[in-house]
Amino acid sequence: MQYQNPVVRGFYPDPSICAANGKFYLVNSSFQYFPGVPLFESEDLVNYKQIGHVLSQKEQVYLEGVRSSGGVFAPTIRFHQGRFYMVTNNNSTNENFYVWTDDIRGNWSAPIVVDQDGIDPSLLFDDGHVYFISNGQDENGTNGVRQCEINIETGERLTPSRLLWTGTGGRYIESPHMYKIGDWYYLMVAEGGTEYGHMITVARSKSVWGPFESCPYNPILTNRNKAPNIIQGIGHGDLVQNTDGNWYMVCLGFRQIHLWQPYHHLGRECFLVPVSFTEDGWITAGIDGTCDDSYEIPGDFIQNRKQVFTFENTSPNLDWIYLRHPVTKNYSIMEDSITLTGSPVTLEEVSSPTFYGIRQIDFAMDCSVHCKFQDAAECFESGITIYMDEQQHYDLALTQKEGKTYAVLKLNIGDIKHEQKRIPLSTNAAKLIIRSDATHYHFFVEENGQEQLLGDAQSRYLSSEVASGFTGVIIGLYAIGEGKSTFHSFCKSYQ
Ligand code: 6LW
């Protein structure tokens, strides 16, 4: 059957995957958002169903005041002797830690810290030993992939950390994974940085400690010279063998808006690429070493793309996320509605405002929600935001002033805080509507069946190139100030 990339759309970067009990489990980085590390299950490597988050307990991850795109960086998931392990880095506490579970649908353990620095940690279970690798510098300041052996029961480092490989000369060697395939230890990394120069390179050795020989075909996967391809930034891969014995790689990439300058605002997404081995035992990826927008994969299943998302067909703590650790008393979640209690924390703060978010996963989107004020004090504001980070977000809200309710559109780009439009309403309730295409968002308010345009704004100014972040646009329901607001009839649909 033919599948379309990305296989997981929207801000789901830094994918890692493992096979277990005939299925596949995928995790992604989550940065300042909570719960952390979204967890997916797949039976065919093409369709993924989110089954939870790995870091679902507040005590598992420190997020207090972490900067946007700080917090939880790239994770790795592995399965060994009936137990799942997820290892990651909290880039705000500079800790590498792992958690484990024997029940993939249950809670994961408390974090176990490993005494090796760097980011993008990974694990290899081999011949009774457990190896911990991450990127980083050796004692001479040389960048590369470093490895130590650990006691997986305690996280204790059993050997000194040693530099294994410095890559092929690309900047920012990252996302190392080690695989024992046949007689070879394959070390696969990303180089070039997680933007337009991103690439995947590989080396191999007969020993887990090296020396590692660089693949003569490096980079084995990159879109850096694939023009004018919409898919760019391909890198950060993880290998997995399908149940039919064929090999694949999940990797990150982004769908750029192909203007000059190009940009991307949905974040880095998850792509699937076929992998094969050359006669001399090297890894190749894709058809020509690049990632295409679709591939053939053996199987008679179909690729299911959920296109309509409502309160009723989404789940709290699965599809919906918070900025850092939420003040849970400010959220009253029902099956078909949510009531938010405002707090003094604004969307411009690196904190945890009353914010209930869901990812934007495609460009052409129609999103609406009905918002009704309750106990609204002066200046209480509540509505829907297209949020990249605290400096870049577009807010469509109701607000209270001198006893009257208004609909307001606010555009926040860097230091510019602009109220685009304000219109009086006859009641304290209205339908908020946001329609988007690749380059623009269009904002409307509907009261008594009458729809009014408040304004338009370019997606460019919410892009990663402007915000310089690692995340993607989130659609957030929010409340600021003294008051409550109830949202119902939420509907987000893609064409
Ligand atoms: C991730 C690393 C990276 O841990 O960015 O640029 C970090 N590459 O692989 C956040 O995605």
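All of the numbers you see were taken from the coordinates with simple rules; none came from a lab. Predicted model only: the values in this text are computed from it and were never measured. Using ideal geometry, Cβ is built from the backbone for each residue, glycine included, and neighbour counts are taken over all protein chains shown.
Miscellaneous remarks
- Scanning region 427-449 for residues that are in a strand (DSSP E or B) and of a type in the set (A, V, I, L, M, F, W, C) yields Ala429, Ala430, Leu432, Ile433, Ile434, Phe443, Phe444, Val445.
- Selected residue [buried (at least 21 other Cβ atoms within 10 Å of the Cβ) and of a type in the set (Asp, Glu)] from Glu153, Glu174, Glu139: Glu174
- Residue satisfying condition, being in contact with a Pro (Cβ under 7 Å, 6 or more places away or on another chain) and touching a residue at least 12 places away in the same chain (Cβ under 8 Å), within set Tyr394, Tyr406, Tyr387: Tyr406
- Pairs meeting the criteria (first residue in region 191-203 and under 20 Å from Trp282 (Cα atoms) and within 12 Å of the ligand (Cβ to nearest atom), second residue in a loop (DSSP other than H, G, I, E, B) and among the hydrophobic types (A, V, I, L, M, F, W, C), beta carbons under 7 Å, at least 6 apart or on different chains) are Glu191/Ile173; Ile200/Ile220.
- Going through (1) within 16 Å of the ligand (Cβ to nearest atom); (2) buried (at least 18 other Cβ atoms within 10 Å of the Cβ); (3) closer than 25 Å to Tyr441 by Cα one by one, Arg255 falls short only on (1).
- Verdict on Glu447 being within 16 Å of the ligand (Cβ to nearest atom) and more than 26 Å from Ser315 (Cβ to Cβ): no
- Condition met for Leu347 (part of a loop (DSSP other than H, G, I, E, B) and buried (at least 17 other Cβ atoms within 10 Å of the Cβ)): yes
- Test result for Val113, aliphatic (A, V, I, L, M) and within 14 Å of the ligand (Cβ to nearest atom): no
- Criterion: buried (at least 22 other Cβ atoms within 10 Å of the Cβ) and either of a type in the set (D, E, K, R) or under 17 Å from Met249 (Cα atoms) (or both) - qualifying residue of Val27, Val61, Val87, Val99: Val27
- Any hit, region 195-205, residues being buried (at least 16 other Cβ atoms within 10 Å of the Cβ), over 30 Å from the mean Cα position of the chain (by Cα) and farther than 18 Å from Tyr248 by Cα: yes
Quick grid of which residues meet (1) β-branched (Val, Ile, Thr); (2) touching a Pro at 6+ places or on another chain (Cβ under 9 Å); (3) away from the ligand (no atom under 14 Å from the Cβ); (4) in contact (Cβ under 8 Å) with a residue 24 or more places away in the chain:
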position	(1), (2), (3), (4)
Gly70	no, no, no, yes
Ile77	yes, no, yes, yes
His80	no, no, yes, yes
Arg105	no, no, yes, yes
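- The set of residues from region 118-135 being part of a strand (DSSP E or B), β-branched (Val, Ile, Thr) and either within 12 Å of the ligand (Cβ to nearest atom) or more than 26 Å from the chain's Cα centre (by Cα) (or both) comprises just one member, Val130.
- Test: residue in region 418-426 that is on the phi > 0 side of the Ramachandran plot and not in a strand (DSSP E or B): no
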